[in-house]
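K.L.:
Take this structure, written in structure tokens, and hold onto it; I'll ask about it next.
The values are calculated or read from the model by the stated rules, or taken from the named source; none is laboratory data. What you are looking at is a predicted structure, and each value in this text was computed from that prediction instead of being measured. All Cβ positions, glycine included, derive from the backbone under ideal geometry; neighbour counts span all protein chains shown.
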């Protein structure tokens with residue numbers, strides 16, 4: 001797992017907020033930023049930060065999780081969201097996934113944080129594969145461009161030779 005992922009924690013319950021942040025840091029994650037309000041998270045994104053993962057509660061003092069998700073995704077399309085919430089409403093869970101959340105985890109017990117960490121590992125692998133795919137795609141495009149240039153050069157050389165022109 002990439003321990004340098006930029007992870008945002010958005011949680012308005014101060015005790016649970018500290019619990020989540022401390023847990024992630026104890027797992028060796030180095031770039032954990034935390035916010036108590038959705039707007040503070042959005043402000044950081046508006047300043048140019050692009051979190052890899054946002055772990056957030058669904059109900060925040062100043063917003064809903066889906067509103068934060070939609071606003072962040074407008075500026076940072078690759079950010080992945082994990083909802084960590086006490087809200088057990090199935091419709092809310094389905095809507096969260098529908099709007100682009102990676103997962104929806106209920107704050108039911110100690111297992112919830114382990115589930116979050118497991119999801120971070122899966123997202124880390126997914127992000128690494130996407131990065132590798134972008135590199136391969138770029139390398140293929142460069143290779144194709146070089147091959148096209150060589151074919152054009154050879155074709156022009158043959159045309160010049162056909163008409164007796166010197167190259």
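K.L.:
For a quick check of your reading of the model, give me the residue pairs whose first member lies in region 23-43 and is touching a residue at least 40 places away in the same chain (Cβ under 8 Å), whose second is surrounded by fewer than 17 Cβ atoms within 10 Å (Cβ to Cβ) and in a loop (DSSP other than H, G, I, E, B), with beta-carbon atoms closer than 7 Å and at least 6 apart or on different chains.
P.N.:
Pairs found: 29/3.
K.L.:
Could you check residue 144 against (1) more than 25 Å from residue 30 (Cα to Cα); (2) assigned to a helix (DSSP H, G or I); (3) modelled with pLDDT under 95 and say which number it fails?
P.N.:
If we test residue 144 against (1) more than 25 Å from residue 30 (Cα to Cα); (2) assigned to a helix (DSSP H, G or I); (3) modelled with pLDDT under 95, just (3) comes out false.
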